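Single-structure report; data block below.
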Amino acid sequence: MSDTQQQDSAKETSRKHPPIVCYNVAELPQASVDRALLQRLADGKHEVVHELTIPPRDGRAWEVKAGQLWRITCTEGPQVADMNVWALHNPKRERFYTSKTRQLHASHLTVGDRLWSGFPYLRPLATITADTIAYGIDGDGAGVHDVIGSRCDPYTNWLLTGADMNVCCHSNLTRAVAGCGLGEEDVHDVLNVFMCTGFTRDTNQYFTKPSPVRPGDYIEFLAETDVLVAASTCPQGDVSVACGTGRAPTCYPLGVQVLQPSAEALAGWKPTEPVKYGGKHGL
Ligand SMILES: [Zn+2]
């Protein structure tokens, strides 16, 4: 067999092979989630300890103590949010790592999925405890709450339009954390809350659909350690038009609540700890 024939044969073997899920998180002892805890949190009445509104086209940051919940609620109309999470006491080093989260769980997150921090920590910063949309995967392969995209930003906008734009998720998040001792360099890839996205079947290009979120819908997270959270109400609104088209869709605020569950609801729960890898890397 010639080299070309061997290469063709190898490609055909790959094409015909069924997909292999790389990480079966449900069976990993350090990574699986306590479903009974999630049920108790879903059933429980929680004390509201903090409330805020993220105005349209802006950003806000808030702290959540380990064992508390935060809930982002659609209050007036369809609106997506770009969310960042940092370890509260080490935000310059430990923050949400979307790539590993995507590999461990999926491109779109829902109840029971966790928001992992980066190396050398790699622990859940948060776990999703409620998702009233529960969209699943539609016929085009689209889902809601993705960890695919990054965030709308002034640099890509400049590439597309040649104009400065300071009202975008990257800049909104930068302003939101400016009072927390953090800067633009600390803003990172996001969880796209309420956003409906996928990849086109034919060209594998990132696409969006109008968000299905409606007033009353919410997504809720359990803080697995003390965290700082920031979110931007995207100036793309429900993202029903393509980026860079210059058309301004209707934008809405979003509500945020920090909630304290009862001790009974949290029974047996402990804050997460970084992985115990020795850190030598063979050096
Ligand atoms: Zn945005």
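The values are calculated or read from the model by the stated rules, or taken from the named source; none is laboratory data. Quick caveat: nothing in here was measured; it's all calculated off a predicted structure. All Cβ positions, glycine included, derive from the backbone under ideal geometry; neighbour counts span all protein chains shown. What goes into the accessible areas is simple: the full protein's heavy atoms, side chains included, and nothing from ligands, DNA or RNA. Shrake-Rupley method; radii C 1.70, N 1.55, O 1.52, S 1.80 Å.
Structure above, values below:
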{"item": "Tally of residues being in a loop (DSSP other than H, G, I, E, B), buried (at least 21 other Cβ atoms within 10 Å of the Cβ), more than 10 Å from the ligand (Cβ to nearest atom) and within 14 Å of the chain's Cα centre (by Cα) across the range 158-195", "result": "1"}
{"item": "When residues of the range 118-133 are limited to those that are touching a residue at least 40 places away in the same chain (Cβ under 8 Å) and either under 16 Å from residue 151 (Cβ atoms) or small (Gly, Ala, Ser) (or both), the one surrounded by the most Cβ atoms within 10 Å (Cβ to Cβ)", "result": "126"}
{"item": "Candidate set: the range 228-243, residues that are more than 8 Å from the ligand (Cβ to nearest atom) and of a type outside the set (Val, Ile, Thr); chosen: the one modelled with the lowest pLDDT", "result": "243"}
{"item": "Test for residue 202: is it part of a loop (DSSP other than H, G, I, E, B), open to solvent by 10 Å² or more (accessible area, probe 1.4 Å) and within 13 Å of the ligand (Cβ to nearest atom)", "result": "no"}
{"item": "Failed criterion for residue 155 (all others in (1) of a type outside the set (Val, Ile, Thr); (2) open to solvent by 30 Å² or more (accessible area, probe 1.4 Å); (3) more than 15 Å from the ligand (Cβ to nearest atom) hold)", "result": "(3)"}
{"item": "Residue in the range 255-271 that is crowded, with 21+ Cβ neighbours inside 10 Å and either within 14 Å of the ligand (Cβ to nearest atom) or free of Cβ contacts under 8 Å to residues at least 60 places away in the same chain (or both) present", "result": "no"}
